[in-house]
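S.K.: The structure's right below; bear with me while I get my questions together.
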Protein chains: 2
Amino acid sequence: MRLTREQLIEAVSSQMPARRWQHTLGVMQSAIELAERYGADPQRAELAAIVHDVAKYWPVHRQAAVIAENGLNTDLLNYDAPLWHSEVGAHVAEQEYGIEDREVIDAIRYHTSGREEMTLLDKVVCLADYIEPGRDFPGVALIREKALLSLEEGLIAGFDSTIRVLLERGQTIFPTTVLARNDLLRQLATREQAAQTRPVTENKGG
Amino acid sequence: MRLTREQLIEAVSSQMPARRWQHTLGVMQSAIELAERYGADPQRAELAAIVHDVAKYWPVHRQAAVIAENGLNTDLLNYDAPLWHSEVGAHVAEQEYGIEDREVIDAIRYHTSGREEMTLLDKVVCLADYIEPGRDFPGVALIREKALLSLEEGLIAGFDSTIRVLLERGQTIFPTTVLARNDLLRQLATREQAAQTRPVTENKGG
């Protein structure tokens, strides 16, 4: 049984400190804006944004237990705990909130790590999480700038900043994020190549 | 039929510009030094160092053909060409120079990318390639410093610098390098943990 938007907001916001719920409100806003800009469905983008951090403040042992006990992606447990809440959030969305929209569930699941062949909705939610108005970290201005060019350029800048932080801190890098970034670079290159081989007249509006 | 050391040097050096052979001489020296410092076999380290860049100046289409036609790791062809010569070099070492020592061949194969569970010889040759006396790039001083602490810390600093360059250039990152770095970080953490749980008397020389 699917919860209403208001029930969802009540259920999710009660599981995190007020400051984090403010972040979620920002992601909802940015996800709607990016969806409108880049042709995704704003309602589905907002839905994924509402739920994306539901498990963020659960004790990590509870997050790990959900992953281990439900046959989810246990490889995540070999990596740092901040990666776990996305997988748990996708599970909660499906099992507790009755969300059946596979793309919404996946956008929650991959909002931190990204993945190869990200869907339009994956891209919108993941990038919104980087650039929502409340975010203030070194490099966020560049990501916001790139987000105006394309979802792909925004996300590459976002993943770049994440990888740089992990290098500085001497932490492991989740390989899926590297695969996601590689794939986005290839999507950009393919698009650029297509633009270059387009007949000249087309560029002149012909 | 295995070539002698002198025949090998002749065969390899003739396939690259003099400047690159100077680099190889540096890697031979550093590989011997690192082997002696960290308990690897200096002769095998030097052997891998002699051959490691044999294919570096082959035309890239020839490198790609060797990989494709001999059932080598074709995934490399999805990544930038500077990764290819290591795989080709390992093939040449085995097929043309009659080197049968599996660890020497692997040290050649993984000298650019690294891999999970690097052998002692892999580590020595890969790190020597980063720090040989002729190297002069931003960050090499830090890698040389870390190389005095351990092979693992030296290599992590090396891979960090490679990944930073790829981020700056907007190039794809070979996932195996990320897996190698993750594995080295875990090896360090395990060693540190073991050191901390050692009885106190041992630290006092008891």
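S.K.: Say we look at the stretch A:68-84 and pick out the residues that are closer than 20 Å to A:F159 by Cβ and touching a helix residue (DSSP H, G or I) at 6+ places or on another chain (Cβ under 6 Å); which of these is surrounded by the fewest Cβ atoms within 10 Å (Cβ to Cβ)?
M.R.: Checking each candidate, the answer is A:A81.
S.K.: More than 17 Å from A:E132 (Cα to Cα) and of a type outside the set (F, W, Y): is that true of A:A11 in this structure?
M.R.: yes
S.K.: May I pose another question? Tell me which residues, restricted to the stretch B:43-59, are in a helix (DSSP H, G or I) and surrounded by fewer than 16 Cβ atoms within 10 Å (Cβ to Cβ).
M.R.: If the condition is that a residue be in a helix (DSSP H, G or I) and surrounded by fewer than 16 Cβ atoms within 10 Å (Cβ to Cβ), then B:Q43 is the only one that fits.
S.K.: Any chance you could count how many residues in the stretch A:69-112 are free of Cβ contacts under 8 Å to residues at least 24 places away in the same chain, in a helix (DSSP H, G or I) and of a type in the set (G, A, S)?
M.R.: So the answer is 2.
S.K.: I'm trying to understand the selection: among the residues of the stretch A:192-205, which are in a helix (DSSP H, G or I) and either modelled with pLDDT under 85 or more than 14 Å from chain B (Cβ to nearest Cβ) (or both)?
M.R.: Result: A:Q193, A:A194, A:A195, A:Q196, A:T197, A:V200, A:T201, A:E202, A:N203.
S.K.: When residues of the stretch B:113-155 are filtered for being outside any helix (DSSP H, G or I), basic (K, R) and crowded, with 22+ Cβ neighbours inside 10 Å, how many remain?
M.R.: Result for the stretch B:113-155: 0.
S.K.: In addition: Regarding A:F137, is this residue of a type outside the set (S, T, Y) and within 14 Å of another protein chain (Cβ to nearest Cβ)?
M.R.: Numbers: of a type outside the set (S, T, Y): yes; within 14 Å of another protein chain (Cβ to nearest Cβ): no.
Judged against the criteria, A:F137 is not a match.
S.K.: From the residues in the stretch A:158-183 that are at the interface with chain B (Cβ under 10 Å from one of its Cβ atoms) and hydrophobic (A, V, I, L, M, F, W, C), which one is farthest from A:D80 (Cα to Cα)? Please lay out each step first, then the result.
M.R.: The first filter runs over the stretch A:158-183 and keeps only residues at the interface with chain B (Cβ under 10 Å from one of its Cβ atoms), leaving A:159-161, A:163-164, A:166-168, A:170-179, A:181-183.
Now restrict to residues that are hydrophobic (A, V, I, L, M, F, W, C): A:159, A:163, A:166-167, A:173-174, A:178-179.
Working: A:F159: 16, A:I163: 13, A:L166: 11, A:L167: 14, A:I173: 9, A:F174: 9, A:V178: 15, A:L179: 18 Å.
My answer is A:L179.
S.K.: What's the number of the only condition in (1) of a type in the set (D, E, K, R); (2) surrounded by fewer than 14 Cβ atoms within 10 Å (Cβ to Cβ); (3) away from chain B (no Cβ under 12 Å) that A:D106 fails to meet?
M.R.: (2)
The values are calculated or read from the model by the stated rules, or taken from the named source; none is laboratory data. Fair warning: this is a prediction, and the values are worked out from it, not measured in the lab. Neighbour counts are summed over all protein chains in view; Cβ atoms, including those assigned to glycine, are modelled from backbone coordinates with ideal geometry.
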